[in-house]
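Below: the structure, in structure tokens.
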Amino acid sequence: MLSATGCSVLDPNRILTRTSVAPPIPVTPVPMPEDNFRQAAIDFVWTTVNERYYDPKLNGVDWKAVRTKYEPQLLNTKTDDEFWELLDKMTGELKDSHTRIHSPKLVQQQRNNESHSLGLGFIELDDTIVVTSVHPQSDAWWAGVRVGMTIRAIEGEAALPLYRKLVAESRNTSTPWARARGAVRKINAGDIGSEVSMEFVRSDGASLDVRMKRRKFAALPDFTPRVLPSGFGYIRFSNFLGNLQSGIVAEIEKMKDTPGMIIDLRNNGGGLGDMSANLLSRFFKDKQTGMKTLTRSGKPISIFFYPLTRMEEEIDGIGDKAYTKPVVVLTNESSASAAEIFSSMMKESKRATLIGQRTCGCLLGYFGLADVPGGAQMAYSEIGFVTKTGGRVEGDGVIPDIEVKMTREDYLLNRDRVLERAVALLTEKTAPDSKPPPT
């Protein structure tokens with residue numbers, strides 16, 4: 001067994017003591033006694049950020065003042081749920097998309113690959129709250145709620161002002177559009193069996209009143225590959241997790257003869273930076289310069305003296321096996337983290353055209369979740385990124401080459417205007433009289 005001193009030398013960032021987002025064996029967190037864990041959790045979170053955050057200036061935040069503001073409130077919260085939510089809000093003062101607290105309940109859900117929610121997706125669009133997705137196993141679906149409907153009221157309260165109020169109250173993060181997701185989670189998430197009433201409005205103006213329960217849903221990775229009727233390859237996947245990588249690589253190889261390819265990263269929440277680099281390599285013949293990384297020490301992060309990061313990343317091309325035909329990448333405001341590494345690299349290398357909406361602006365890196373006293377876990381940013389051209393994605397997002405916004409009518413008609421534009425562009429690029437794309 002390594003001594004404490006040995007561990008600090010061989011594993012200075014304490015990576016070995018952390019877990020991945022979803023360990024394979026479910027373990028129920030065991031809270032510390034009520035009179036101990038809250039102060040211990042506050043101390044752990046504050047000290048970890050203060051000593052290990054990638055930016056020694058802590059994004060310009062007075063971290064001592066943050067503790068002074070939040071500690072009395074945290075110690076006086078009435079329930080554990082309130083405590084963990086407020087502690088997460090404290091980390092939000094950094095305006096950082098990745099530094100956050102996962103409550104013991106959320107930790108357990110993630111370990112079991114599940115979510116507890118109403119199963120609804122919705123956004124504010126043209127001063128209304130528009131339903132953008134409905135889980136087919138949710139009460140809402142079986143009550144007749146469909147994409148494109150609007151939400152008029154929640155528990156008898158007007159939906160739009162309630163939603164805006166929850167956005168304003170939610171934890172801060174890197175961008176306003178990322179912050180809006182906190183309001184969606186606040187309405188959606190909760191204990192299994194807890195009920196919510198909503199009034200929906202159909203396209204013809206008729207009302208639909210629904211009382212629905214929160215249920216348990218499997219949170220499994222989504223992967224959809226196919227050759228479209230147009231002949232172009234199409235690959236969509238929900239995150240950059242290692243268990244998807246081999247399948248995606250195999251599909252890219254299968255589609256090597258297609259005249260163009262669409263990589264759909266809309267709603268892709270990110271994941272492993274290494275997987276992003278590996279997939280990027282499939283589209284380049286030669287080695288490419290990647291993003292520069294920022295660390296607390298100004299040196300690569302290492303374990304057992306082996307560097308886990310480089311100060312300037314490189315993308316290894318795969319020579320003649322690379323897919324070199326035209327590529328389009330689809331993004332929206334929920335394309336985050338590793339999805340932003342991929343889309344930024346493809347755009348700045350002029351290897352792909354980006355179509356859709358600006359990405360999340362949520363690009364920092366961490367090496368797993370640290371256990372927090374009380375059964376929670378903590379992610380904290382250990383790596384920052386600078387793009388090839390010297391810009392920052394965190395806080396700004398990757399701006400598409402061609403912006404295409406969805407309308408409520410698109411949702412009602414189940415029309416994918418973004419995909420349509422991608423197919424049209426590839427058709428132009430692959431026409432007989434078009435110029436060859438850059439490789």
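How charged is the neighbourhood of S381? Take every other residue with its Cβ under 12 Å from the Cβ of S381, and add Lys/Arg as +1 and Asp/Glu as -1.
On the way: positive: R52, K95, R100, R296; negative: D55, D96, E382, E394.
Computed value for this residue: 0.
Simple spin-label model, 7 Å along Cα-to-Cβ: T427 to A250 in nm?
3.3 nm
Give me the percent relative contact order of the range 274-356, please, defined on Cα pairs under 8 angstrom at least 6 residues apart.
On the way: 114 pairs, mean separation 28.9, N = 83.
Result for the range 274-356 is 35 percent.
Hey, rough spin-label estimate for D257 and V210, points 7 angstrom out along Cα→Cβ, what's it come to in nanometres?
4.5 nm
Pull out the extension gain between A168 and D274, defined as 0.36 nm times the separation in residues minus the alpha carbon to alpha carbon distance; nm, one decimal.
Values: separation 106, 0.36 × 106 = 38.16 nm, distance 3.50 nm.
Here the answer is 34.7 nm.
Nearest 0.05, what FRET efficiency do L220 and D396 give at R0 = 41 Å with Cβ-Cβ as r?
Values: r = 31 Å, r/R0 = 0.76.
About 0.85, to the nearest 0.05.
In a shell of Cβ-Cβ distance under 11 Å around R358, excluding R358 itself, what net charge do Lys and Arg (+1) and Asp and Glu (-1) give? Provide the component values of the computation, followed by the final result.
Details: positive: K405; negative: E333, E340, D396, E403.
Net local charge, R358 excluded: -3.
If you take every DSSP beta bridge fully contained in the chain, what fraction is antiparallel? Give it as a percent rounded to 5.
Values: 45 of 60 bridges.
Roughly 75 percent of the DSSP beta bridges within the chain come out antiparallel.
Lysines within cross-link reach of K292: Cα-Cα under 22 Å, excluding same-chain residues under 8 positions apart?
Candidates past the 8-residue exclusion: K57, K95, K347, K350, K388.
Between D316 and N243, take the C-beta separation as r, use R0 = 30 Å, and let me know the FRET efficiency to the nearest 0.05.
On the way: r = 22 Å, r/R0 = 0.73.
FRET efficiency, D316 to N243: 0.85.
Counting only helical runs of four or more DSSP H residues, what would the 222 nm mean residue ellipticity of the chain come to if each run contributes -39,500 (n - 2.57) and the total is spread over all its residues? Intermediate results must be reported in sequence, preceding the final value.
Working: 13 runs with 138 residues, N = 439.
-9500 deg cm²/dmol, from helical runs alone.
Using a probe radius of 1.4 Å on heavy atoms only, what accessible surface per residue do you get for the chain? Whole Å² is fine.
Values: 21160 Å² over 439 residues.
Per residue, the chain has an accessible area of 48 Å².
May I ask you to compute the full-extension gain from K350 to T389, defined as 0.36 nm times their residue separation minus their alpha-carbon distance, rounded to one decimal in nm? It would help to have the intermediate numbers written out before the result.
Details: separation 39, 0.36 × 39 = 14.04 nm, distance 1.21 nm.
Full-extension gain reported as 12.8 nm.
Less than 13 Å Cβ to Cβ from E312, Lys/Arg counted +1 and Asp/Glu -1: what total charge do the surrounding residues give?
Working: positive: K287, K292, K299, R310, K388; negative: E313, E314.
Surrounding charge for E312 is +3.
Label 7 Å along Cα→Cβ of T79; the range 214-234 residues with amide nitrogen under 19 Å?
Output list for this probe position: 214-216.
For the range 151-208, give the percent of accessible area contributed by carbon and sulfur heavy atoms, probe 1.4 Å, rounded to a whole number.
On the way: 1520 of 2820 Å².
Within the range 151-208, the accessible surface is 54 percent carbon and sulfur.
May I ask you to derive the relative contact order of the chain, considering only C-alpha pairs under 8 Å and at least 6 residues apart, and to give it as an integer percent?
Values: 887 pairs, mean separation 79.6, N = 439.
It comes to 18 percent, rounded to a whole number.
What length, rounded to one decimal in nm, is gained on full extension from L308 through to K64, with 0.36 nm per residue of separation minus their alpha-carbon distance? Intermediate results must be reported in sequence, preceding the final value.
Numbers: separation 244, 0.36 × 244 = 87.84 nm, distance 3.08 nm.
Taking 0.36 nm per residue and subtracting the Cα distance, the gain is 84.8 nm.
Taking springs between alpha-carbon atoms closer than 10 angstrom, which of S381, S117, S194 fluctuates most in the Gaussian network model of the chain?
Its mean-square fluctuation being the largest, the pick is S194.
Given R₀ = 51 Å, what would the calculated FRET efficiency be for L413 paired with D55, taking r from the Cβ atoms and rounding to 0.05?
On the way: r = 45 Å, r/R0 = 0.89.
After rounding to 0.05, the efficiency reads 0.65.
The values are calculated or read from the model by the stated rules, or taken from the named source; none is laboratory data. None of these values were measured; they are calculated from a predicted model. A quick note on method: Cβ atoms are made from the backbone with ideal geometry, for glycine too, and the neighbour counts reach across all protein chains shown. In case anyone asks, the SASA skips ligands and DNA or RNA and just uses the protein heavy atoms, side chains included. Shrake-Rupley method; radii C 1.70, N 1.55, O 1.52, S 1.80 Å.
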